[in-house]
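The values are calculated or read from the model by the stated rules, or taken from the named source; none is laboratory data. Here the structure is a predicted model, which means the values were calculated and not measured. When we count neighbours, we look across all protein chains shown, and the Cβ atoms used for this are built from the backbone with ideal geometry, even at glycine.
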Amino acid sequence: MAFTEKPEVSLGIGLATAALVWGIYNSALPSIAEARVTEQSDRDLAAAERTATWTSAAVVSGVALISKDMTVFILGGAMVVGLAWMHKHANLVHPEVGRATMPMQPDTPQSQQPLYSQS
């Protein structure tokens, strides 16, 4: 890949791509605060997160290839990775405990399921 001669143009395109990624996540998913209080490991939320991640990765790759600039790929890719991790973590938070826990298996007898406490 050839690098652009003007770093200020490269940085501007990279930041615009990162903003585009944020827009994709913002329109495809509920807020992180809302995802933290929904049911733990919600399948619909996980599917929407995967869709937003793949769409964002395609957009970042396309803009980076058109602009032939690694700065676009680095800034946009970092935004995709960061937002994907934040949304995946929010989907794993147990609403009663307030932190990420291992989801309970539905076929496990009630006596063997872990007990959660507020402490």
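Going residue by residue through region 4-11, is there one that turns out to be surrounded by 15 or more Cβ atoms within 10 Å (Cβ to Cβ), among the acidic types (D, E) and more than 14 Å from the chain's Cα centre (by Cα)? No - not one qualifying residue is present in region 4-11. Is it true that A64 is within 18 Å of L15 (Cα to Cα) and either assigned to a helix (DSSP H, G or I) or over 10 Å from the mean Cα position of the chain (by Cα) (or both)? So A64 fits the description; yes. Look at R36 and say whether it is farther than 13 Å from G14 by Cβ, touching a helix residue (DSSP H, G or I) at 6+ places or on another chain (Cβ under 8 Å), basic (K, R) and assigned to a helix (DSSP H, G or I). Here the answer is yes, as R36 does meet what is asked. A Cβ distance below 7 Å, combined with a sequence gap of six or more or placement on separate chains, defines the contacts here; from region 47-63, residues that are in contact (Cβ under 8 Å) with a residue 40 or more places away in the chain reach residues that are β-branched (V, I, T) in the pairs V59/V21; V59/I24; V60/T17; V60/V21; V60/V80; V63/T17; V63/V72. Within region 81-119, being in a helix (DSSP H, G or I) and modelled with pLDDT under 75 holds for Q110, S111, Q112.
Screening the candidates E39, E34 for the property of being among the acidic types (D, E) and touching a residue at least 24 places away in the same chain (Cβ under 8 Å) yields one hit, E39.
Just a yes or no: is a residue in region 16-29 free of Cβ contacts under 8 Å to residues at least 60 places away in the same chain, surrounded by 13 or more Cβ atoms within 10 Å (Cβ to Cβ) and not in a helix (DSSP H, G or I)? Yes.
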